[in-house]
1. Where in the chain are there helices (runs of 4 or more DSSP H), lying fully within it, with 2 or more residues that are over 13 Å from the mean Cα position of the chain (by Cα) and without any contact (Cβ under 8 Å) to a residue 24 or more places away in the chain?
2. Among the residues of the range 13-72 satisfying the criterion of being among the β-branched types (Val, Ile, Thr) and touching a helix residue (DSSP H, G or I) at 6+ places or on another chain (Cβ under 8 Å), which is surrounded by the fewest Cβ atoms within 10 Å (Cβ to Cβ)?
3. Got a sec? Which of Gly79, Gly17, Gly67 is in contact with a Leu (Cβ under 8 Å, 6 or more places away or on another chain) and of a type in the set (Gly, Ala, Ser)?
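Every number in this text was worked out from the coordinates using simple rules, so none of it is lab data. Values in this document were obtained by computation on a predicted structure and should not be read as measured data. Glycine gets a Cβ as well: all are built from the backbone with ideal geometry, and neighbour counts include every protein chain shown.
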Amino acid sequence: MITADLDPFELVETTPGSWSLVLRELDLTVHTEVFEAAGAEGNGYDWASIALALVERDAEHLVGRFGTDPEAEAFVAYGADPTVLTELGELLLEVYNDADLLADLATIAEWE
């Protein structure tokens, strides 16, 4: 059973055996100034870029174990293993709550 508190991220079983980690539009406005300084908007696509940079830098064991399907108004990562998405959510939550960490990742992110 998954019990991690990932708020404002949400882990959802979309269909049996398929999971999504979601950050919705209302919560995408955090750290707008950091994204703007990096030439990005802070939308779902930008959070996907941050997630991939974070995993490549700090959690290589997660590379290739989830996909992303962002939209302008939502970040979505998906996969079959909820523990992978929970770990990703925990890592992203740290970034979400730390503007300096976000700014550091923004320097290595590849923006879509």
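1. Answer list for the chain: 32-37, 99-106.
2. This residue is Val63.
3. Answer to the selection: Gly79.
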